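Below is one structure, written out as structure tokens, with a few remarks after it.
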Amino acid sequence: MNQEHPELDPTPSADAATDPQQEQIQALRAEVEQVKAEALRERADLDNQRKRVARDIEQARKFANEKLLGELLPVFDSLDAGLNAAGSEPNPLREGLELTLKQLLKVAGDNGLSLLDPVGEAFNPEHHQAISQVDAPAGVAPGAVVTVFQKGYLLNERLLRPALVVVARVD
């Protein structure tokens, strides 16, 4: 070994040999960390997509009957009008109409439809559409629904049709 001129020594020093190896190891470690981070991001994206698809499927299932039930609302209205026209006296026609309406409402209810008949309740602009106001009759709180002209309906807690109501005037 040439101690006077180390630059002429054919064997490289240990520091010189490990420096490029250490750099390569560090570069590989950084690359592995980057690949791990990308894998975690992709896994999170897939998990979010799976949850979004499950939520969309649940929404589609809950509201699949919306069109059909919406088209049945005039049938409910007609049966209500028929019951009002039949009078309050018990007779076979009235009993038949009541039974038909009850069965129809049960089937609709089993599919997520619920009735809004808010007489006496406080006016709720999210579920009711006020068509007029009247002076509050005795015993009725101001802002309460006095009369319902057309019942409203909810489908799985989402408004399908607002109730058309008359509200007691607020002074």
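The values are calculated or read from the model by the stated rules, or taken from the named source; none is laboratory data. Since this is a predicted model, take the numbers as computed values, not measurements. Virtual Cβ from ideal backbone geometry, glycine too; neighbours counted across all protein chains shown. Accessible surface areas use protein heavy atoms only, side chains included; no ligands, DNA or RNA. Shrake-Rupley method; radii C 1.70, N 1.55, O 1.52, S 1.80 Å.
Secondary-structure-derived ellipticity at 222 nm for the chain, considering helices only, amounts to -18500 deg cm²/dmol, per-run term -39500 (n - 2.57) for DSSP H runs with n ≥ 4. Shown for the chain are the DSSP H helices of 24 Å or more along their axis, judged by Cα atoms, with a mean Kyte-Doolittle hydropathy of at least -0.5: 66-85, 92-110.
Surface composition of the chain: carbon and sulfur make up 55 percent of the accessible area, probe 1.4 Å.
Looking at the stretch 76-171 alone, DSSP beta bridges between its own residues are antiparallel in about 65 percent of cases.
Remark: the chain carries a charge dipole of roughly 1360 debye about the Cα centre, counting +1 on each Lys and Arg Cβ and -1 on each Asp and Glu Cβ. When the chain is treated as a GNM with alpha-carbon contacts under 10 Å, the residue of 111, 91, 124 showing the greatest mean-square fluctuation is 91. Each 5 Å bin from zero holds the following percent of Cα-Cα pairs in the chain: 1, 7, 10, 9, 9, 9, 7, 5, 4, 4, 3, 3, 3, 3, 3, 3, 3, 3, 3, 2, 2, 2, 1, 1, 0, 0.
DSSP bridge analysis restricted to the chain gives an antiparallel fraction near 65%, rounded to the nearest 5. Expressed as a rounded percentage, what relative contact order does the chain have, with Cα pairs under 8 Å and six or more residues apart? Relative contact order comes out at 17 percent. Solvent-accessible area per residue in the chain equals 73 Å², computed with a 1.4 angstrom probe and all protein chains kept.
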